[in-house]
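The structure under discussion appears below in the form of structure tokens.
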Amino acid sequence: MTSALFSPIRLAELDLVNRIVVSPMCQYSADDGVGNDWHLNHLGTLSNSGAALVVIEATGIERRGRITHGCLGLYSDDCQAALAHMIAHCRRYGTAKLGIQLAHAGRKASAQRPWEGAQPLKSGDDPWETIAPSAIPFGPGWPTPREMSSADMERARDGFVAAARRAIRAGIDAIELHGAHGYLLHSFLSPISNKRSDEYGGSPDGRMRFPLEVAEAVRAVVPKSMPLGARITGNDWVEGGLTPADAVSFASALKNVGIDFVCISSGGIIAEARPNMVANINVGFAEEVKRKAGIPTRAVGLIATPKRAQAIVAEGRADMVALARAMLDNPHWGWHAAKVLGAEVARPKQYQRAAPNLWAGAMFQD
Ligand SMILES: Cc1cc2nc3c(=O)[nH]c(=O)nc-3n(C[C@H](O)[C@H](O)[C@H](O)COP(=O)(O)O)c2cc1C
């Protein structure tokens, strides 16, 4: 039996053995941006999940671009050395290729970790000044960010480029830019958070200008052979915000500057937006982007079961699927999906005796 989910795909010159991706997941556990044993454990486990690609969490391209004090960064030699160690560890013990999501949190930076409340840092907690396209807070109780000057934009753009260079030096296989969830690049795109009157605001072209400049600058330093993608928003879920049609325009523009794939997520532009959390929440948006922009597309959001994931790829609604919470719940999700769908998946030799053909399902007899 052939499985669409377990069929290979090539992005730029990177061959992925199947269409399953571990979605980037912040761990809020780094020390001044530097990864540690937690990351080795987390990523090492997920690199044996059966997914072809594991995307490392949103990684701040500058110190003030982290969401929390615990977020990974890629702005120092120590950050880079820790990333190189994580990648080497995953390659040695796991089967997945490794990607990284480069991010700047913009007006959502300087926040508490989720288990501390996910609110803005208080005065005694070493908060920092946040920056954004316009001086509009993320929500009630959030600090007003400083409107970015052209020097701030240049610094952020250069920061993305420098972080991409560091990721390449650390041995990464793929890079993606975080253009969703209300963080800096998304906040330039959305009319909800971008009220600028210069050439970086106003019309859709104006609002796209800065994120596209970043994508173009990063593309210039990432070898053509290495996939460079972007996570973008399919819907702001806010009256007057971005819609699936905007996602199609942005994905088309990204394709024109040489971006190899997009991942369609949604939400996060304001604190009050509450999307309707239903299965396959972003798949319709991904399908529209794939069809109209003609760029390899990944869907994410409540794609928790093998049959659901398989159907999305088999029906051509997206080229890949990314899973987050289901992977945390079951870090061998891909192995179980292979069993359900009758497909093959690589396991480390130490775990090969868990392959279904070696115990013929006898464990489930009663
Ligand atoms: C613990 C956790 C951390 C996350 N961190 C990130 C992140 O770093 N970057 C990102 O784009 N999305 C992040 N997300 C969102 C997921 O990547 C994913 O888009 C979302 O959880 C929906 O997928 P799911 O239903 O499979 O969990 C995070 C989600 C979780 C649960």
Out of all the residues in the stretch 219-235, is one or more within 18 Å of the chain's Cα centre (by Cα), at pLDDT 95 or above and of a type in the set (Lys, Arg)? yes
What number of residues in the stretch 1-49 are among the small types (Gly, Ala, Ser) and touching a helix residue (DSSP H, G or I) at 6+ places or on another chain (Cβ under 6 Å)? 8
Condition broken by Leu177, with the remaining ones in (1) of a type outside the set (Phe, Trp, Tyr); (2) within 25 Å of Trp237 (Cβ to Cβ); (3) free of Cβ contacts under 8 Å to residues at least 24 places away in the same chain satisfied: (3)
Collect the residues in the stretch 298-319 that are near the ligand (Cβ under 9 Å from one of its atoms) and either buried (at least 22 other Cβ atoms within 10 Å of the Cβ) or more than 26 Å from Cys26 (Cβ to Cβ) (or both), keeping them in residue-number order. Val300, Gly301, Ile303
Note on the stretch 236-254: residues under 20 Å from Ala318 (Cβ atoms) and either within 16 Å of the chain's Cα centre (by Cα) or among the hydrophobic types (A, V, I, L, M, F, W, C) (or both) are Trp237, Leu242, Ala245, Ala247, Val248, Phe250, Ala251, Ala253, Leu254
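Within the stretch 196-203, identify whether any single residue is free of Cβ contacts under 8 Å to residues at least 24 places away in the same chain, in a strand (DSSP E or B) and at negative phi, and answer yes or no. Let's see the steps before the verdict.
Of the residues in the stretch 196-203, the ones free of Cβ contacts under 8 Å to residues at least 24 places away in the same chain are 197-199, 202-203.
Of the ones still in play, those that are also in a strand (DSSP E or B) are none.
Checking the stretch 196-203: not a single residue is free of Cβ contacts under 8 Å to residues at least 24 places away in the same chain, in a strand (DSSP E or B) and at negative phi.
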Considering residues of the stretch 34-59 that are under 30 Å from Arg146 (Cα atoms) and touching a Leu at 6+ places or on another chain (Cβ under 7 Å) only, the residue surrounded by the fewest Cβ atoms within 10 Å (Cβ to Cβ): Glu57
Taking the stretch 320-336, which residues are more than 10 Å from the ligand (Cβ to nearest atom) and not hydrophobic (A, V, I, L, M, F, W, C)? Asn330, Pro331, His332, Gly334, His336
When you check Gln112 against the structure, is it surrounded by 18 or more Cβ atoms within 10 Å (Cβ to Cβ) and under 22 Å from Asp32 (Cβ atoms), yes or no? yes
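Can you tell me which of Thr243, Thr233 is within 15 Å of the ligand (Cβ to nearest atom), among the hydroxyl-bearing types (Ser, Thr, Tyr) and over 18 Å from Thr130 (Cα atoms)?
Numbers: Thr243 fails: within 15 Å of the ligand (Cβ to nearest atom).
Just one listed residue meets the conditions, Thr233.
Going by what's in this entry, would Leu254 be described as of a type in the set (A, V, I, L, M, F, W, C), assigned to a loop (DSSP other than H, G, I, E, B) and in contact with a strand residue (DSSP E or B) (Cβ under 6 Å, 6 or more places away or on another chain)?
The answer is no for Leu254.
Would you check which residues across the stretch 117-174 are in a strand (DSSP E or B) and in contact with a helix residue (DSSP H, G or I) (Cβ under 6 Å, 6 or more places away or on another chain) and list them?
First pass over the stretch 117-174, keeping only residues in a strand (DSSP E or B): 120, 131-132, 146-147, 174.
Of everything in the stretch 117-174, those that are in a strand (DSSP E or B) and in contact with a helix residue (DSSP H, G or I) (Cβ under 6 Å, 6 or more places away or on another chain) turn out to be Ile131, Ala132.
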Per the filter on the stretch 77-111, residues under 18 Å from the mean Cα position of the chain (by Cα) and of a type in the set (S, T, N, Q) are Gln101
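Do we find that Asp246 is acidic (Asp, Glu), touching a Leu at 6+ places or on another chain (Cβ under 6 Å) and at pLDDT 95 or above in this structure? Outline the logic, then answer.
Values: acidic (Asp, Glu): yes; touching a Leu at 6+ places or on another chain (Cβ under 6 Å): no; at pLDDT 95 or above: yes.
It is false that Asp246 is acidic (Asp, Glu), touching a Leu at 6+ places or on another chain (Cβ under 6 Å) and at pLDDT 95 or above.
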Return only the number of the condition from (1) free of Cβ contacts under 8 Å to residues at least 60 places away in the same chain; (2) surrounded by 21 or more Cβ atoms within 10 Å (Cβ to Cβ); (3) more than 18 Å from Glu57 (Cα to Cα); (4) within 15 Å of the ligand (Cβ to nearest atom) that Asn276 does not satisfy. (2)
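Just for the stretch 126-143: of the residues that are under 17 Å from Phe210 (Cα atoms) and touching a residue at least 60 places away in the same chain (Cβ under 8 Å), which one is farthest from the chain's Cα centre (by Cα)?
Let us first name the residues in the stretch 126-143 that are under 17 Å from Phe210 (Cα atoms), namely 131-135.
From what's left, touching a residue at least 60 places away in the same chain (Cβ under 8 Å): 131-134.
Values: Ile131: 21, Ala132: 20, Pro133: 21, Ser134: 24 Å.
Residue satisfying both the conditions and the ranking: Ser134.
The values are calculated or read from the model by the stated rules, or taken from the named source; none is laboratory data. All values reported here derive from a predicted model rather than from experimental measurement. With ideal geometry, Cβ positions are generated from the backbone for all residues, glycine too; neighbour counts draw on all protein chains shown.
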